[in-house]
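Presented below is the structure to which this report refers.
The values are calculated or read from the model by the stated rules, or taken from the named source; none is laboratory data. Small disclaimer: the values here were computed from a predicted structure and weren't measured. Here Cβ is always computed from backbone atoms with ideal geometry, including for glycine, and neighbour counts include all displayed protein chains. Each accessible area value is taken on the protein alone, full model and side chains, heavy atoms only, with ligands, DNA and RNA left out. Shrake-Rupley method; radii C 1.70, N 1.55, O 1.52, S 1.80 Å.
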2 protein chains.
Amino acid sequence: MRESEVPESRPYHHGDLRRALVEAACRLLEKEGAQALSLRAVAREAGVSPAAPYHHFKDKSELLDAVAHEGWEKLDLAFQAARDAHTSPPDRVRELGVAYVCFASQHPDLYRVMYDCSRDKADMPAHVLENEESAYRRVREVLISAGADPSDEIGLELATIACWCAAHGLAEMTSFKQFEPLKEALGGEEAFLRGVLAHVGVFAKGL
Amino acid sequence: MRESEVPESRPYHHGDLRRALVEAACRLLEKEGAQALSLRAVAREAGVSPAAPYHHFKDKSELLDAVAHEGWEKLDLAFQAARDAHTSPPDRVRELGVAYVCFASQHPDLYRVMYDCSRDKADMPAHVLENEESAYRRVREVLISAGADPSDEIGLELATIACWCAAHGLAEMTSFKQFEPLKEALGGEEAFLRGVLAHVGVFAKGL
DNA sequence: GCGCTATCTTAGCGTTGTTCAAATAAGAAA
DNA sequence: TTTCTTATTTGAACAACGCTAAGATAGCGC
């Protein structure tokens, strides 16, 4: 093994190309936007041939899946911060929603990749649904602590889904030009988000 | 002119190629899905050369805009039907939401094109916002007739936006696999939709 | 008849996703 | 050590894409 760990001329075998590709994709996503995120561009950004990624990902969508997974983990961090920043359960519900939409607003291209992956597979992201520590569970638990009846399994699930729908819808619409004046009138985007979410039952009063 | 060079059904100059292209695109969208909707495929479906569309649309996105416009008009018809099918204002609010999501559920690829166009331009579709007879206005008016204070301009707008967000979010998520069991438990997709929307304040009680 | 202009086609450029055989490096076996 | 084996990476190639340019065609006014 050469001592030059990160030399100018990369060694023939990349240390962890899979990881490097995902990072290159994220970098490209912030720099050039979702439209510029081609497999070849990612390979270029990682300094590797166009065919190299195929030894680590079956196809382009699998690379995007990995990027999306990274995104959901980042979102999860934002969720934890929002939860820990408030003690009152109703506040927590609302602020979880605000944190969700703010994340999407700050990383619009990443969020787009994240949801495109979910939609293409008609699948809630695994990290969101299956994991014990998932964001979905987190919303559910905050709803319970805010007064939702834990024995009403169906009602609880419907409420949780309603949260997701409102948050996702708002996340995709908050950047629309037509809302600019309203945001200004309310004194910023966050006030706007809270204003909208206040009309969603589960966000307004924790069920 | 060689008359049998080209099928007799179409002379060298197409009657209304612009229209034919939009229709071909819609046909292709239902038949093959959004992924297969390339400009060249649309030209092929319309029986025309790959370069022909460029005399009627600046680029591909402009063709998609036309397709999306068609979509919003179709949705508007569904809206009118839902509105006319109910007299009670609260029912109307809820059923507008159900009609919206059902439309998206029945034409998923068209709906995707519709919203992708809006998002790319950070623009609520013109047909939705600017027109007097627009769907946006329609929601707004039903909210007023359901008891919303018409003098509270900001509150009214926030409520209308909340409606759109919940409906759009649900429209994009209702096809997720994970919701199948819940739909069955509730006896169908429409019941599921009503169940979710019931947790959105504006849909639940007309503000 | 004449020309003008909009429309449509053919040909071609650069890019993309993907495959495949060949080249290379790293590790195990000898 | 040398050799064999396997995992990576490359270069070349293919089909399809969006788009442009230059030429062919047809309808319309003169």
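Using the structure shown, decide if A:L21 is surrounded by 15 or more Cβ atoms within 10 Å (Cβ to Cβ), closer than 16 Å to A:Y111 by Cα and at pLDDT 95 or above. No: the conditions fail for A:L21. Looking only at residues in the range B:131-161 that are open to solvent by 50 Å² or more (accessible area, probe 1.4 Å) and of a type in the set (G, A, S), the one that is nearest to B:Q35 (Cα to Cα) is B:S145. Only residues that are in a helix (DSSP H, G or I) and either under 16 Å from A:I161 (Cα atoms) or open to solvent by less than 50 Å² (accessible area, probe 1.4 Å) (or both) were counted across the range A:110-125, and they come to 9. Sub-7 Å Cβ pairs linking a first residue in the range A:40-53 that is farther than 11 Å from A:L28 by Cα to a second residue that is more than 8 Å from DNA strand C (Cβ to nearest atom) and of a type outside the set (A, V, I, L, M), at least 6 apart or interchain, are A:G47/A:R10; A:V48/A:H14, ordered by first then second residue. Here the range B:24-41 is the region considered, the condition is being within 12 Å of DNA strand C (Cβ to nearest atom) and within 20 Å of B:Y111 (Cα to Cα), and the residue that is most open to solvent (accessible area, probe 1.4 Å) is B:Q35. Among the residues making up the range B:83-94, those that are modelled with pLDDT under 90 and either in a helix (DSSP H, G or I) or in contact with a strand residue (DSSP E or B) (Cβ under 6 Å, 6 or more places away or on another chain) (or both) are B:R83, B:P89, B:P90, B:D91, B:R92, B:V93, B:R94.
Name the residue that is farthest from DNA strand C (Cβ to nearest atom), counting only residues in the range B:47-61 that are part of a helix (DSSP H, G or I) and open to solvent by 70 Å² or more (accessible area, probe 1.4 Å). The selected residue is B:K60. Checked against the criteria, A:E5 counts as part of a loop (DSSP other than H, G, I, E, B) and modelled with pLDDT under 95.
Scanning the range A:155-187 for residues that are under 22 Å from the mean Cα position of the chain (by Cα) and either assigned to a loop (DSSP other than H, G, I, E, B) or more than 10 Å from every other protein chain (Cβ to nearest Cβ) (or both) turns up A:T174, A:S175, A:F176. Give the residue that is nearest to DNA strand D (Cβ to nearest atom), with candidates limited to residues of the range B:37-94 that are under 21 Å from B:E132 (Cα atoms) and among the charged types (D, E, K, R). Within the range B:37-94, the match that is nearest to DNA strand D (Cβ to nearest atom) is B:D65. Residues that are at the interface with chain B (Cβ under 8 Å from one of its Cβ atoms) and closer than 18 Å to B:V196 by Cα do occur in the range A:131-154, at least one of them. Among the residues here, B:V128 does not qualify as in contact (Cβ under 8 Å) with a residue 60 or more places away in the chain, more than 8 Å from every other protein chain (Cβ to nearest Cβ) and either touching a helix residue (DSSP H, G or I) at 6+ places or on another chain (Cβ under 6 Å) or open to solvent by less than 20 Å² (accessible area, probe 1.4 Å) (or both).
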